[in-house]
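One structure below.
The values are calculated or read from the model by the stated rules, or taken from the named source; none is laboratory data. Source: prediction; values computed, not measured. Neighbour counts run over all protein chains shown; Cβ positions are idealised from the backbone, glycine included. Note: accessible area is taken over every heavy atom of the protein model, side chains too, but ligands, DNA and RNA are not part of it. Shrake-Rupley method; radii C 1.70, N 1.55, O 1.52, S 1.80 Å.
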Amino acid sequence: MTTSIRSQYLMLIPALILALVLQTVALPPLLSAMRPSWVALILGYWAYRSNGVGLLLPSAAAGLCLDVMFNTALGTHVVALTVVVYATLKLRGFLYLSPLWQTTLILAPIWLLYSFILFWADGATLHAAAPLARWLPVISTTVLWPLMFLILQLLRPVTRPR
Amino acid sequence: MNTLSGNTRKPLFQRGSGLGLRAALLLLLSIALLAVDHRTETFDPARNVMSQLLAPIIWTSRLPSTVSAIGNYAQTRGELMAENEHLSESLLRLRARTSKVQALEAENQRLRELLSSSEQIEDSVLVAEILATNQDPYRHQIVLNRGTGDGVYRGQAIIDAYGVLGQVVRVLPDTAVGLLITDPDHGVPVEVNRTGLQTVALGRGDGQGLSLPFLPGNADIKVGDLLVSSALGGRFPPGYPVGEVAELLYQPGEHFMEAIAYPTARINQGRQVLLVWSETVQSEPGITETVPAMPAAEGTGVEPKAATAPTAEQAGPPKPLTPATPNTATTAPEQ
């Protein structure tokens, strides 16, 4: 089991780096507002797939990276990502038993929570941003989940030690 | 029941031990970090180190725009010639205007001397390239390729060819982060060019507009008025265009009205910007962050005034804070 975990995390680090790049890649303003929360998606998938041991540390690191890259107060994205990882880990039982379309619906509130925490942190740090566009990524993240899930399932190492 | 072996009693899904406790601890820690980082600058060195470590990721995320820029190399000779012709034409036109401006500046200087008010008109500037724009739609920021090595200081004004773009909020050794005037955290003191009315233009956060809140209900301001930066606060060099009033929001009977303006600077359109050194900021005692930054800049030998600004003639010691001009003194209470 430990080798499986290690191989999981061997994939997690490049996946997180790719997610950070996708989160910051330059896009036209409209697409940029619709950009899904890539890092939350990746961490959500890993929380669903692995047993969550030691997932909090990479998620905190990714959160700090996001904070530095977006120049938000340090800790903002860490809070949001920690909540995503914890909630997904708690819901794993349901997620395993549900078909893909149901997991998509079950996870939608988690992406909403993620956006809400960022929205709350904006308020807490007195950053009076226009709040309406804050919720667009929730839609795109929800839509992207099944697609990303299928792709990552294909990429997953097939040999599962039993 | 006693036939069940120990193995079957294992939980189906194993969780990490004390996951909830660890998550709660991490949450508390990061909320504390958030509070401290929001209020103090304790973690700024750590942030600077991290942003240098993350530079490859920023660089990678710029690749698509770099690749599309490579497509520009494949321009035809005809296009380039037409562009060249257009540019030399506009250069000629601008040169003619500049020669006129020089005469006007000299005249203005003489008149100001007569009024015994000292104000510098020419600012020294440095061209900086935009390395990246912040992709968070709620934060309008740009990363520039100039840092402390070039004498860039926090609070320095950023302009482009058409007006004020923003100010520097974070300076790293080789790069600087600039906050655009459209960011909701940004405010720039402005003056209505037509009447001299002083007010503050705040970013609206939609990436396009500026808001001028709390104007008196009877303020003399019209759609189409040009807003120029004012010297109030000493952060921005005065006289650069900031925006043009596009809309007035006034409810009859209210005490205040709000004006919506659009920046004259080409936000998110250029690749290059200008960093302006304004003398008043360097010597202002109130802005503590900028004061230690300037000796360091002079110590590096990169003398921004002499090296980059052919127009800068005042290379003398920094002037003391300019006294308020009669104009600002009369109009300031209106805001």
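Just one of the numbered conditions (1) of a type in the set (D, E, K, R); (2) more than 14 Å from chain A (Cβ to nearest Cβ); (3) open to solvent by less than 10 Å² (accessible area, probe 1.4 Å) is not true of B:Arg146: (3).
Here's the yes/no breakdown for (1) under 14 Å from the mean Cα position of the chain (by Cα); (2) closer than 29 Å to A:Leu10 by Cα:
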residue	(1), (2)
A:Arg92	no, yes
A:Thr104	yes, yes
A:Phe119	no, no
A:Arg156	no, yes
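Here B:Thr8 meets each of (1) part of a helix (DSSP H, G or I); (2) surrounded by fewer than 12 Cβ atoms within 10 Å (Cβ to Cβ); (3) modelled with pLDDT under 85; (4) within 14 Å of chain A (Cβ to nearest Cβ) with one exception, condition (4).
With respect to (1) more than 14 Å from the chain's Cα centre (by Cα); (2) more than 7 Å from every other protein chain (Cβ to nearest Cβ); (3) buried (at least 20 other Cβ atoms within 10 Å of the Cβ), the lone exception for A:Met34 is condition (3). Mind checking which residues of region B:44-73 are at the interface with chain A (Cβ under 7 Å from one of its Cβ atoms) and either surrounded by fewer than 17 Cβ atoms within 10 Å (Cβ to Cβ) or assigned to a helix (DSSP H, G or I) (or both)? Hits for region B:44-73 are B:Arg47, B:Met50, B:Ser51, B:Ile57, B:Ile58, B:Thr60, B:Ser61, B:Arg62, B:Pro64, B:Ser65.
Got a sec? Which helices (runs of 4 or more DSSP H) wholly within region A:39-113 have at least 1 residues that are without any contact (Cβ under 8 Å) to a residue 24 or more places away in the chain, under 20 Å from A:Arg134 (Cα atoms) and facing chain B (nearest Cβ under 8 Å)? Quick ask: steps written out before the conclusion?
Details: elements: A:56-70, A:76-90, A:92-97.
The qualifying helices (runs of 4 or more DSSP H) are A:56-70, A:76-90.
Screening the candidates B:Glu85, B:Glu107, B:Glu79 for the property of being more than 30 Å from the chain's Cα centre (by Cα), modelled with pLDDT under 90, outside the structural domain of B:Leu179 (by TED's automatic domain parsing) and open to solvent by 90 Å² or more (accessible area, probe 1.4 Å) yields one hit, B:Glu79.
The set of residues from region B:261-278 being crowded, with 19+ Cβ neighbours inside 10 Å and either on the phi > 0 side of the Ramachandran plot or more than 16 Å from the chain's Cα centre (by Cα) (or both) comprises just one member, B:Ala261.
If you go through region B:124-143 and keep only what is farther than 24 Å from B:Leu210 by Cβ and either open to solvent by less than 30 Å² (accessible area, probe 1.4 Å) or part of a helix (DSSP H, G or I) (or both), you end up with B:Ser124, B:Leu126.
Rundown of residues vs (1) out of contact with any helix residue (DSSP H, G or I) (no Cβ under 9 Å at 6 or more places or on another chain); (2) without any contact (Cβ under 8 Å) to a residue 60 or more places away in the chain, yes/no style:
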residue	(1), (2)
B:Ile57	no, yes
B:Ser61	no, no
B:Ala82	yes, yes
B:Arg93	yes, yes
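Answer yes or no as to whether A:Leu12 is surrounded by 16 or more Cβ atoms within 10 Å (Cβ to Cβ), out of contact with any Gly (no Cβ under 9 Å at 6 or more places or on another chain) and more than 11 Å from every other protein chain (Cβ to nearest Cβ). Explain how you work it out, then say what you get.
Details: surrounded by 16 or more Cβ atoms within 10 Å (Cβ to Cβ): yes; out of contact with any Gly (no Cβ under 9 Å at 6 or more places or on another chain): yes; more than 11 Å from every other protein chain (Cβ to nearest Cβ): yes.
When the stated conditions are applied, A:Leu12 passes them.
Does B:Arg39 satisfy being of a type in the set (Lys, Arg) and either surrounded by 11 or more Cβ atoms within 10 Å (Cβ to Cβ) or at pLDDT below 85 (or both)? No; evaluated as a whole, the condition is false for this residue.
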